[in-house]
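Accompanying notes for the structure given below.
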Amino acid sequence: MMNLFVFSLLFSSPFHLTFASGGFRSSTNLSGIVNSSSAASARHLFADNNVPFTEEQHLKRLEELAKDYMSNSDLENAIMSLNRRCSKISRVYSIGKSVLGVPLWVMEISDKPGKEEAEPAFKYIGNVHGDEPVGRELLILLANWLCDNYMKDPLATLIVDNVHLHILPSMNPDGFSLRRRGNANNIDLNRDFPDQFFPINDDPGAHQPETKAIMHWLEEMHFTASASLHGGALVANYPWDGTENKRKYYYGSPDDETFRHMASIYSHSHHNMSLSEEFPGGITNGAYWYPIYGGMQDWNYLHAGCFELTLEISDDKWPNARELPTLFEYNKMSMLNLVASLVKTGIHGRIFSSDEGRPLPALIAIKGINSTIHAREALADYHRLLAPGGDYEVVATMPGYKSRSTRIMLGEEAMTVDFVMDPVITPINSFLQRGWSCSLPGPHLEVFFILVLVLVSVFLCFLLKRRVVLNYPKQRQTKRSVLGV
């Protein structure tokens, strides 16, 4: 009965022939192995040895392949099992539900999960497209590997101790169960975000539940960087994903050099991604490959200051499950090194007020790069990714404070750059600074302002009564003069 339901949903709407950042290829080799016959730019939708499938044949093929993949229920059990097994370095939480009510479970891996620390946060998202399930499988394997190797492997220990890693194995569980690209409403989730070039997806109420969950997640969580895992090609894709005129050409973001560095970390750590004949170095600018609009990658960078990559990790969108262990081995070091790069490179620091040492959620900018990030509210820590080997001027700004800047030469290793900012002193500012000082915390500050308001009210009442008293004799004298006429 379920198969019949899935079959009817699949054929109730036109089958999508366009694939985000990738499509089916004609390779018959193990997914992820590039050879001269499979490295061509042409992509075949349902192809095996260039013999096309019908839609019915494709569905039957996916149903057969899916038997050896984790179901949504299996995935949930795997997440909960890992949390029980590694409770000291993990926690599980949900960011929302899919259209059909499936929880969108996230695993956080850290030495202090759920605690706010002055450390960068990274997120991995898998299964954005329902018919690209390799990512969800590999992310579970990654989480288990970190659990098993913490305090044993130096890279695993570095990540767990210095990064808050959040893993969402499946953004689109409904699409997976329906064996199709879109969600249960047949919407491509990687076209459902607000776009910088065209007025699409601007109505907050019109976004899909899965999209809303991601957007709300980034409002609550401050991520330094992230990556989503896709299938259908073998390449690390970086912004921008679109162009102003919808034409296909290289269109880099303000942080193009940094994004190229991030993509290269993944590509060159991979078994053979960097050897691609189609994509030099195994990386590509999204707009140069082919433009898309409403994508999650660009939205992350623009609206949340989160540096996101779109990772195509398998030539075949839905390979045989027996290939998954090999695919994990091919991508393991890439996934680990990309996360570790958050603490191995870039600049990191905290920002304080010079008068009382209070943490300041200031803006951090790099002169010549039209992009800013915020220090976090509570701890005022910031983590700015930058390509190594550059000469940078770092500028900290905040209303009410004098801006501060410093010039650095960033090498191959990360640098710590803290700022102490001086308040702009004016008579009013000075009064407010004293009023908001730590000497009047919490309820005492409220009492202070209430007392000021009461004193001002009493003073105004006194002036008003005095004016009435002074005017009263004059009014009586005038009245008597009139009566005497």
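The values are calculated or read from the model by the stated rules, or taken from the named source; none is laboratory data. As the structure is a prediction and not an experimental result, all values here were calculated from the model. Positions of Cβ are generated from backbone atoms using ideal geometry, with glycine treated the same way; all protein chains shown enter the neighbour counts. Surface accessibility is based on the protein's heavy atoms, side chains included, excluding ligands, DNA and RNA. Shrake-Rupley method; radii C 1.70, N 1.55, O 1.52, S 1.80 Å.
Which residue pairs have Cβ atoms under 9 Å apart, sit 6 or more places apart or on different chains, and have a first residue in region 286-308 that is within 30 Å of ARG376 (Cβ to Cβ) and open to solvent by less than 10 Å² (accessible area, probe 1.4 Å) and a second that is among the acidic types (Asp, Glu) and not in a loop (DSSP other than H, G, I, E, B)?
GLY286/ASP298; MET296/GLU308; GLN297/GLU308; ASN300/GLU308; GLU308/ASP298
Which residues, taken from region 250-260, are surrounded by 15 or more Cβ atoms within 10 Å (Cβ to Cβ) and touching a helix residue (DSSP H, G or I) at 6+ places or on another chain (Cβ under 7 Å)?
TYR251, SER253 - these are the residues of region 250-260 that are surrounded by 15 or more Cβ atoms within 10 Å (Cβ to Cβ) and touching a helix residue (DSSP H, G or I) at 6+ places or on another chain (Cβ under 7 Å).
If we keep just the residues of region 68-87 that are in contact (Cβ under 8 Å) with a residue 12 or more places away in the chain and not hydrophobic (A, V, I, L, M, F, W, C), which is nearest to LEU165 (Cα to Cα)? Give the steps one after another, and end with the answer.
From region 68-87, those in contact (Cβ under 8 Å) with a residue 12 or more places away in the chain are 68-72, 75-76, 78-80, 82-83, 85-86; that's our starting set.
Adding the requirement that they be not hydrophobic (A, V, I, L, M, F, W, C) leaves 68-69, 71-72, 76, 83, 85.
Details: ASP68: 27, TYR69: 24, SER71: 24, ASN72: 22, GLU76: 18, ASN83: 14, ARG85: 17 Å.
Top of the filtered list is ASN83.
Quickly run through region 88-111 and pick out the residues that are on the phi < 0 side of the Ramachandran plot and without any contact (Cβ under 8 Å) to a residue 40 or more places away in the chain.
The answer is LYS88, ARG91, VAL92, TYR93, SER94, PRO103.
Looking only at region 46-74, count every residue that is modelled with pLDDT under 80 and open to solvent by 40 Å² or more (accessible area, probe 1.4 Å) and tell me the total.
Initial filter on region 46-74 (modelled with pLDDT under 80): 46-53.
Cutting the leftovers down to open to solvent by 40 Å² or more (accessible area, probe 1.4 Å) gives us 48-53.
Matching residues across region 46-74 total 6.
Can you confirm whether ALA263 is open to solvent by 30 Å² or more (accessible area, probe 1.4 Å) and outside the structural domain of GLU412 (by the TED database)? Don't jump to the end; show me each part of the working.
Values: open to solvent by 30 Å² or more (accessible area, probe 1.4 Å): no; outside the structural domain of GLU412 (by the TED database): yes.
Spelling it out, it is not the case that ALA263 is open to solvent by 30 Å² or more (accessible area, probe 1.4 Å) and outside the structural domain of GLU412 (by the TED database).
What are the residues in region 350-379 that are in contact with a Lys or Arg (Cβ under 9 Å, 6 or more places away or on another chain), open to solvent by less than 10 Å² (accessible area, probe 1.4 Å) and over 22 Å from GLU220 (Cβ atoms), if any?
Once the filter is applied, which keeps residues that are in contact with a Lys or Arg (Cβ under 9 Å, 6 or more places away or on another chain), open to solvent by less than 10 Å² (accessible area, probe 1.4 Å) and over 22 Å from GLU220 (Cβ atoms), region 350-379 yields only ILE366.
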